[in-house]
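Remarks on the structure that follows.
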Amino acid sequence: MFEYMAASRPIIASDIPMLNNTLIDKHNALLVTPGDSTSLRTAITTLINNPALGHHIATNASTDVVKHTWINRAQHIINQLEIR
């Protein structure tokens, strides 16, 4: 996922808790209901019919990915351990 964000590609991803801190629906991804092919089809059609939205999502993803570098992720873990 981070590779797609860095490559400035519009992302369609499952709306699962593990991604909630990284992907925001209609901001840096389109989130779909897991296992729901209609939801996936709608997201794909939305991007085909609205290239401006795809560009918006891709641009935001590219900007947001810098928050998720290995150094930033490691620092977050260290901070959480220090709190305990």
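The values are calculated or read from the model by the stated rules, or taken from the named source; none is laboratory data. Keep in mind it's a predicted model, so treat the numbers as computed, not measured. We place every Cβ from the backbone using ideal geometry, glycine too, and count neighbours over all the protein chains shown.
Tally time: how many residues in segment 11-30 are within 18 Å of Ser62 (Cβ to Cβ), not in a loop (DSSP other than H, G, I, E, B) and not small (Gly, Ala, Ser)?
Adding up the residues that qualify gives 4.
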Given the conditions (1) over 15 Å from the mean Cα position of the chain (by Cα); (2) part of a helix (DSSP H, G or I), every one holds for Ser62 apart from (1)
Among what's in segment 58-84 and is in contact (Cβ under 8 Å) with a residue 12 or more places away in the chain and within 16 Å of Leu19 (Cβ to Cβ), pick the residue that is surrounded by the fewest Cβ atoms within 10 Å (Cβ to Cβ).
His68
Looking only at segment 14-53, filter to residues that are surrounded by fewer than 15 Cβ atoms within 10 Å (Cβ to Cβ) and of a type in the set (Asp, Glu); which one of those is nearest to the chain's Cα centre (by Cα)?
Asp25
Residue set Ile71, Ile48; condition of a type in the set (A, V, I, L, M, F, W, C) and at pLDDT below 95; output residue Ile71
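Results for (1) closer than 14 Å to Met1 by Cβ; (2) among the small types (Gly, Ala, Ser), shown as yes or no for each residue.
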site: Ile24; (1), (2): yes, no
site: Asp36; (1), (2): no, no
site: Thr42; (1), (2): no, no
site: Gly54; (1), (2): no, yes
site: Ala61; (1), (2): yes, yes
site: Trp70; (1), (2): no, no
site: Leu81; (1), (2): no, no
